[in-house]
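For reference, the structure is listed below as structure tokens.
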Amino acid sequence: MKKNKLNLKQQLFCDWYIKLGGFQHGTEAMIKAGYSAKTATVNCSKLLTRPNIQAYLDKRKHELEELLGFNKSTILKDLQEIKAKSMQAKPVMEWDRDTKQMEQVVEVNEEGKEVGVFLFDSNGANRAIENIGKMMGYYAPEKIEVENKTPTEVLVNINLSKTTVQDGNEQTDIKH
């Protein structure tokens, strides 16, 4: 039972890990929790593979979701609203000195007709779409299973002008 219980340093690491934003700041979380800076990167990876650490991280994330009132579905809904608002066309307006009022800017299209000029927030829309894709796992690398029944040896020779990679009977030169 004691093996599953986290000590204070491990709890601090988990809390800092969540506070700093997760995997990109694991080493920093280790140091802030009191672990050695020299071994923080390696020990972070080891610590994150432990089931009791993962269970504590999941528990703390759930507590934060409850406290703050959001989760993946509310974030996705908010991102969808941002995307929709960002994609709404807004007329380009300018001040007309003669009429002393704002008027919509117009252009002549290919057919010779005057049409209004509109803008939309493409950066906001793209960012929202990108975040939705990340949350849905669309950008995660695909797992490809490779079955290799015969052992092969790969030899890499690196010098300043080229790198030679030899895999079995195949040799590839990469020039720098």
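The values are calculated or read from the model by the stated rules, or taken from the named source; none is laboratory data. Nothing here was measured: the structure is a model prediction, and the numbers come from that model. Here the Cβ positions follow ideal geometry from the backbone for every residue, glycine too, while neighbour counts run over all protein chains shown.
Close contacts from the range 109-121, counting a first residue that is in contact (Cβ under 8 Å) with a residue 24 or more places away in the chain and closer than 28 Å to Ala84 by Cβ and a second that is surrounded by 11 or more Cβ atoms within 10 Å (Cβ to Cβ) and among the charged types (D, E, K, R), with Cβ to Cβ under 9 Å and a gap of 6+ residues or different chains, come to Asp121/Lys85.
Listed conditions (1) modelled with pLDDT of 85 or more; (2) on the phi < 0 side of the Ramachandran plot are all met by Thr152, apart from (1).
Based on what the data block shows, is Gln24 closer than 20 Å to Glu63 by Cβ and assigned to a helix (DSSP H, G or I)? Steps first, answer last, please.
Details: closer than 20 Å to Glu63 by Cβ: no; assigned to a helix (DSSP H, G or I): yes.
No; evaluated as a whole, the condition is false for this residue.
Does Leu20 count as at pLDDT below 90 and surrounded by 14 or more Cβ atoms within 10 Å (Cβ to Cβ)? So Leu20 fits the description; yes. Pairing residues of the range 18-31 that are among the hydrophobic types (A, V, I, L, M, F, W, C) with residues that are not in a helix (DSSP H, G or I), at Cβ distances under 8 Å and at least 6 apart in sequence or on separate chains, gives Ile31/Ala37.
Among the residues of the range 3-17, how many are touching a residue at least 24 places away in the same chain (Cβ under 8 Å) and either closer than 19 Å to Glu65 by Cα or assigned to a helix (DSSP H, G or I) (or both)? Full working, then the answer.
Of the residues in the range 3-17, the ones touching a residue at least 24 places away in the same chain (Cβ under 8 Å) are 3-6, 9-11, 13-15, 17.
With either closer than 19 Å to Glu65 by Cα or assigned to a helix (DSSP H, G or I) (or both) added as a condition, the list becomes 3-4, 9-11, 13-15, 17.
So the answer is 9.
Residue check: Tyr35 meets all listed conditions (1) surrounded by fewer than 16 Cβ atoms within 10 Å (Cβ to Cβ); (2) out of contact with any strand residue (DSSP E or B) (no Cβ under 7 Å at 6 or more places or on another chain); (3) not in a helix (DSSP H, G or I) but one, namely (1).
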